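Heads up: the structure comes next, in structure tokens.
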Amino acid sequence: MNSDKKRFEKRGLDYPILDGKRTLPGKYYHSQEIYEEEVEKIFYKFWIYACRAEEISNVGDYKLVQVEDESLILVRDKDGSVQAHFNVCSHRGTQLCTESSGNFKSKSIQCPYHAWTYALDGKLLGAPLMTEGDNFSKEDCALKKAHVHIWEGFVFLSLAEKPEPFEVQMEALIGKFSDWKMDELRIAHHIRYDLKCNWKLILQNYQECYHCPGVHPLLSELTPVQSAQHDFSKGAVIGGFMDLTKERGSMTMDGNAAAPPVCEVSGDDLQRIYYYSVYPNLLLTPHPDFVLFHHITALGPGQIVNDCYWLFQPNVINDEEAQAGIKSAVEFWDLTNKQDWQVCEQMQLGTKSKRFTRGYYSGREDVLYALDRELLKALGHDDPESTE
Ligand code: FES
Ligand SMILES: [Fe+2]
């Protein structure tokens, strides 16, 4: 067994680490046809992140989630469960709801066109002037549902008719980070970024720190680039961590912790920042004192919306004296995010050139090579490595 293979097996990675492995061809970031395949085979099939449970905490609270052409209504039902309905009236297909979030005060969902009315669980309650009979039954006209799974306060949905069990796709996440008790954390801040780049470039950027010395001088001071380690890749989850230089430090403008450690975080986790890609649309970054995450919504091959959230313990959010710490964490990541978005948008422009064929990965970008393989597998495409 060669030493590279031993090295990657020790770290639990699925793919060997070698300098000089090649990137995907540029078309994977620009082709409308490949993008449409990604929508069908990945976004409409995988479990994908939708929203935080706290965003729809009361009965009747809802949030609309857009997955390419599909609009979903995520709503808190009377029994406390979260339902995900396709935003389509069973009568003649009118979109039921257009406000991005709110509360169904009547505890029902009414179509604006001919006033068909649905319960929060999707059952058709009333269809004016229509009589049930041989050709029409209310039972057949419930709203169509997507599958829902809540993990640590993160609501995931799947548009597949029969999705792979959540625990299979996300095996590597289950039990990981339980010390953070993320379901108890709350959103302290949110920033929306509109970006002109392919969704995969954001995932790639997130999973390597080869770019950090030049792009992120402050981040590189707080967490040395050499400390970056990938701890595993399994299915849809690829992750790693970096060590903090300062004792009781964090990713803030002055490098000091923004707040006391989150819940039961202890030991090595007090000195680490974890970076986990939850394929295809969630980037999760647990710090000792807060959790940062990115929710990526693709709007085409060259356009995304990236919603970035900062989660803190509720007592920290409500503490007047803790506001400076939260602000510093927000400022640090907003600065770092913008540094990343700049290079991602430039990469989007450069990879469109006819002169860009395929690039060369360094050994520090091994996980990107793994991510590319996951993509090719999901699309059922031949690996360009083997067909060249
Ligand atoms: S289309 Fe919804 S009630 Fe007619
Ligand atoms: Fe970066």
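What follows draws every value from the coordinates through simple rules; no lab data is involved. This structure is a prediction, so every number in the text was calculated from the model and none was measured. So basically every Cβ, Gly included, is an ideal-geometry build from the backbone, and we count neighbours across all protein chains shown.
Dipole of the stretch 36-127 computed with +1 at Lys/Arg Cβ and -1 at Asp/Glu Cβ about the Cα centre; of Gln110, His85, Val75, farthest Cα towards the positive end is Gln110. For the pair the stretch 145-219 / the stretch 295-360, the C-alpha centres are spaced 12 Å from each other. Both radii were evaluated on the Cα set of the stretch 48-163; the Rg over Rh quotient, with Rh as the Kirkwood radius, amounts to 0.97. Kindly provide the GluC sites (Glu not before Pro) of the stretch 266-334 that DSSP labels as loop, not H, G, I, E or B, and whose Cβ sees at most 15 other Cβ atoms within 10 Å. Sparse-neighbourhood loop GluC sites (Glu not before Pro): none present. Helix-only arithmetic for the chain: the sum of -39500 (n - 2.57) across DSSP H runs with n ≥ 4, divided by the residue total, places the mean residue ellipticity at 222 nm at -6500 deg cm²/dmol. Dividing the mean sequence gap of close Cα pairs (under 8 Å, 6+ apart) by how many residues the stretch 109-193 holds gives a relative contact order of 17 percent. What translational diffusion coefficient, to the nearest whole µm²/s, does the stretch 248-331 have by Stokes-Einstein, given a Kirkwood radius computed over alpha-carbon pairs, a temperature of 20 °C and 1.002 mPa s viscosity? It comes out at roughly 156 µm²/s. Remark: C-alpha extents of the chain on the principal axes read 72, 58, 37 Å, sorted largest to smallest. Computed from Cα positions, the angle between helix 366-379 and the longest principal axis of the chain comes to roughly 30 degrees. The angle separating the long axis of helix 323-350 from the principal Cα axis of greatest extent in the chain is about 80 degrees. Averaging the sequence gap over all C-alpha pairs within less than 8 Å and six or more residues apart, then dividing by the number of residues, gives the chain a relative contact order of 21 percent. Using R0 = 51 Å, the C-beta based FRET efficiency linking Asp254 and Lys138 works out to 0.25. Bridgeable lysines around Lys138 (alpha carbons under 19 Å apart, same-chain partners fewer than 8 residues away excluded): Lys107, Lys123.
Once Rh is set to the Kirkwood radius over Cα pairs, what Stokes-Einstein translational diffusion coefficient, in µm²/s, holds for the stretch 278-388 at a temperature of 10 °C and a viscosity of 1.306 mPa s?
Translational diffusion coefficient: 92 µm²/s.
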